[in-house]
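The values are calculated or read from the model by the stated rules, or taken from the named source; none is laboratory data. Only a predicted model underlies this, so the values are computations on that prediction, with no experimental measurement involved. Cβ sites come from the backbone with ideal geometry, for glycine too, and all protein chains shown count toward neighbours. Accessible surface areas use protein heavy atoms only, side chains included; no ligands, DNA or RNA. Shrake-Rupley method; radii C 1.70, N 1.55, O 1.52, S 1.80 Å.
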Amino acid sequence: MRPGGDERDTWDITTSVGSTALFVAAARALEAQRPEPLVRDPYAEVFCQAAGGEWADLMDGRVTGSHGAQLLEGDFGRHFTSFQAARTKYFDAYFADAVDAGVRQVVVVAAGLDSRAYRLPWPDGTVVFELDQPKVLEFKRDTMAQLGESPRAERREVAVDLRDDWPAALAEAGFDPTAPTAWIAEGLLIYLPAAAQEQLFLGMDRLSAPGSRVAVEEGRPMPQRVFEAKQQQERDAGQAGTFFTLIYNEQIAPAAEWFGARGWHATPTPLAQYLASVGRPIPADDPEAGPMAESNSLVTAVKD
Ligand SMILES: C[S@@+](CC[C@H](N)C(=O)[O-])C[C@H]1O[C@@H](n2cnc3c(N)ncnc32)[C@H](O)[C@@H]1O
C-alpha cells in the first residue's frame, strides 16, 4: 500500500501522484528557460500556467507553495532540471529510432504531461496511446484544446489505473498486438508496487510483436531504513505527499535483466553517464542529486 494512501487511490493533476506530472513538467519548462537548453518542450510551461498556484508562480520566478514546486529551486532544482531534460532528450531519440525502424504504434504508459504526441514529428499513420488516470488525461486534453493545439499523430486516451487490467483497456482502445510497438514507462516505476511493476512488464512483453521496443526509466531502491527516514523527514517538515511519501521503494528486477531474460536486446545507460555525455554532469558528492543520478538508469530494449 502507498504510504498514507490505499490500493485504489485516485488523483487529479494537482494532488498526490498526479502532481508529480506537474513537477516533472515544471522541470522541463525551467530547462526551456535556460540559455542553452538540452531540449525544448514548449507545452511544459503552458501546463504549469494552466495549473496555476505554485506551478504558475514558479514559471514567473516566484517560489511559493509547500508541496513540490519549491523543490525546484537551488542546487537540487538545477540538477533535477538537468536530469529531466536529459531523460527527455534520451527518450525523444529513442522514438526517432523507433519510427526510423518503421514502428507506427506507440504506447505512453503513465503519460502525465508528456507532450510527445503534440511535439514530435510522427510519420503519417502513427497512433499514440496515452495511459493515465482519467483526470490527468482530462487536464492535458482541456489545456491543449484551449491552446488550439492538435496532436501530430492519432492520439488515443486510455483512462485506466495501472494497478488494474490495463491491457484490456488498451485492447478496447484499438491496440494492435500484431504490429510492432514502441513502449515507454518514464517516471513511473517508483509509483508502482512490485506486483504492478511485474504486471506492467509482463503485459508489455506479451503484447509486443517482433520489432517492438521498450524504454524504461528506473532507479535502484534505497536501503529500507534510509527510505523510511526520508519519509519521516518529509512528514516532519509538513510536506507529506511531496515525494518520498508517494513512492514505493520496490523493484522487481532491473529492466535490462528482466527483458534480457525474455529474449529482448537491452541496453541500460546509467543516468550519471548520460548526463556527463550531454555536458550536464552532476557532482557525485551532491547530497540529494548525487544519489539520484547514481541510482537511475535509462533503459531501451528491442524484441527480435
Ligand atoms: C512523474 S509523472 C511522469 C509523467 C510522464 N511520464 C513524464 O515523464 O512526464 C508520473 C505519472 O504516473 C502516473 N501514474 C502513477 N501511478 C499510476 C497508476 N497506478 N495508474 C495510472 N497512472 C499512474 C501519474 O498519474 C503521473 O501522470
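Leaving out ligands and nucleic acids, and using a 1.4 Å probe, what accessible area per residue does the chain come to in Å²?
That works out to 42 Å² per residue.
Using every alpha carbon pair in segment 89-303, what percent of pairs falls into each 5 Å bin from 0 up to the bin containing the largest distance?
Using 5 Å bins, I get a P(r) of 1, 7, 13, 17, 19, 17, 13, 8, 4, 1, 0 for segment 89-303.
Checking a compactness column here: for segment 234-301, what do you get for Rg(Cα) / (2.2 N^0.38 Å), N being the number of residues? Before the final figure, lay out each step's value.
On the way: Rg = 15.3 Å, N = 68, 2.2 N^0.38 = 10.9 Å.
Cα Rg divided by the expected 2.2 N^0.38 Å: 1.40.
Can you give me the P(r) profile for segment 8-72? Cα pairs, bins 5 angstrom wide beginning at 0, each as a whole percent.
Going from the shortest bin to the longest, the percentages are 4, 20, 30, 24, 13, 6, 2, 1, 0.
Just to be sure I understand: of the beta bridges DSSP finds with both ends in segment 89-303, what percent are antiparallel, rounded to 5? Kindly include the intermediate steps, with their values, before the conclusion.
Values: 14 of 34 bridges.
Counting DSSP beta bridges with both partners in segment 89-303, the antiparallel share is about 40 percent.
When the scattering of segment 1-157 is computed by the Debye formula from its Cα atoms alone, each counted once and equally, what is log10 I(q)/I(0) at q = 0.10, 0.11, 0.15, 0.21 Å⁻¹?
Here log10 of I(q) over I(0) equals -0.37, -0.44, -0.83, -1.43.
Accessible area of segment 72-181 with a 1.4 Å probe: how many percent of it is carbon plus sulfur?
Numbers: 2010 of 4320 Å².
Reported share for carbon and sulfur atoms: 47 percent.
So if I take the alpha carbon set of segment 74-117, get Rg, then get Rh from the Kirkwood formula, what is the Rg over Rh ratio? Walk me through the numbers before you get to the answer.
Working: Rg = 13.1 Å, Rh = 12.0 Å.
A ratio of 1.09.
Return the single residue from THR242, THR178, THR269 with maximal mean-square fluctuation; model: Gaussian network over the chain, springs between Cα atoms under 10 Å.
The residue that fluctuates most here is THR178.
Extending each Cα 7 Å along its Cβ direction at ASP57 and ARG262, get the distance between those two points in nm, one decimal.
4.4
Just from the alpha-carbon atoms, what are the Rg and Dmax of segment 193-263 in angstroms?
Using the Cα atoms of segment 193-263, the pair Rg, Dmax is 15.7, 50 Å.
Could you please state, rounded to a whole Å, how far the C-alpha centre of segment 61-123 is from the C-alpha centre of segment 233-274?
Spelled out, the Cα-based centre of one part sits 16 Å from the other.
To the nearest 0.05, what FRET efficiency results for ALA209 and ASP286 with a Förster distance of 30 Å applied to their C-beta separation? Walk me through the intermediate numbers first.
On the way: r = 42 Å, r/R0 = 1.42.
The formula returns an efficiency of 0.10 here.
At 222 nm, what helix-only mean residue ellipticity would the chain give, in deg cm²/dmol to the nearest 500, using -39500 (n - 2.57) for each DSSP H run of four or more? Could the numbers behind the result be given before it?
Values: 12 runs with 131 residues, N = 304.
For the chain, the value works out to -13000 deg cm²/dmol.
Tell me, in nm to one decimal, what length is gained between MET222 and ALA168 on full extension, where the rule is 0.36 nm per residue of separation less the Cα-Cα distance? List each step's numbers first, then the result.
On the way: separation 54, 0.36 × 54 = 19.44 nm, distance 3.31 nm.
So the extension gain works out to 16.1 nm.
Using r as the Cβ-Cβ distance of LEU202 and ALA240, and R0 as 35 Å, what FRET efficiency do you calculate, to the nearest 0.05?
Values: r = 32 Å, r/R0 = 0.92.
After rounding to 0.05, the efficiency reads 0.60.
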